[in-house]
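Before I ask anything, let me first share the structure, which is written out below as structure tokens.
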Amino acid sequence: MKLIEAIVKPFKLDEVKDALTEVGVRGMTVTEVKGFGRQKGHKETYRGTEYAIEFVPKVKIEMAVTDGQVPEVIETLVRAAKTNSIGDGKIFVRELFEVVRIRTGETGEGAL
């Protein structure tokens, strides 16, 4: 099992969620986050005054999937979140050693 974390632009969230649902992702956690990568933030102008936005708003999507789902989920995330501009985001894949469904006590892939 794997835990996939994707950091994407907020306006792509609905498109990404719909695409992941279509490929069989049954659940996800979404968190509003801020950060920066290579773009190091950006500058904006408000009422004639320029100011720096150091941390850019993003959305972090986390989902637990089976090992067999990983390639399709990554491909789906890239396709749905891509805008071909800087700051499209990143995908992280981590090993998931155990999952327990609290309500039933199921463990492993059955708990996903």
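Which of the peptides 3-10, 105-112 is most tightly packed, and how do the rest follow, judged by the mean count of other Cβ atoms within 10 Å per residue?
On the way: 3-10: 19.1, 105-112: 12.8.
Taking the mean over residues of other Cβ atoms within 10 Å, the ranking is 3-10, 105-112.
Moving to a separate point now. Can you give the angle from 0 to 90° between the axis of helix 70-81 and the longest principal axis of the chain, with both taken from C-alpha atoms, to the nearest 10?
30
About the Cα centre of the range 2-111, what is the dipole size in debye to 20, counting +1 per Lys and Arg Cβ and -1 per Asp and Glu Cβ, all else neutral?
Dipole of the range 2-111, to the nearest 20 debye: 460 debye.
For Phe97 and Lys34, what does the FRET efficiency come to when R0 = 35 Å and r is the distance between their Cβ atoms, rounded to the nearest 0.05?
Plugging the Cβ-Cβ distance into 1/(1 + (r/R0)^6) gives 0.75.
Report the Cα centroid-to-centroid distance between the range 64-112 and the range 7-37 in angstrom, as an integer.
Taking the Cα centre of the range 7-37 as reference, the centre of the range 64-112 is 11 Å away.
Same structure again: Taking Cα atoms, how many degrees apart are the long axis of helix 13-22 and the longest axis of the chain, rounded to 10 and kept between 0 and 90?
Orientation of helix 13-22: about 20 degrees from the principal axis.
Could you tell me which of Gly89, Gly68, Thr21 has its Cα farthest along the dipole of the range 2-111 towards the positive end, charges placed at Cβ (Lys, Arg +1; Asp, Glu -1), taken about the Cα centre?
Value: Gly89.
If you build the Cα gyration tensor of the range 2-111 and take the root of 5 times each eigenvalue, what three semi-axes come out, in whole angstrom, biggest first?
Over the Cα atoms of the range 2-111, the semi-axes work out to 32, 15, 12 Å.
Could you calculate the contour length gain from Ser85 to Glu109, that is, 0.36 nm times the residue separation minus the distance between their Cα atoms, to one decimal place in nm?
5.0 nm
No lab work stands behind these numbers, since they all come straight from the coordinates. Just so it is clear, the model here is predicted, and its values are computed rather than measured. All Cβ positions, even for glycine, are placed from backbone atoms using ideal geometry, and neighbour counts span all protein chains on display.
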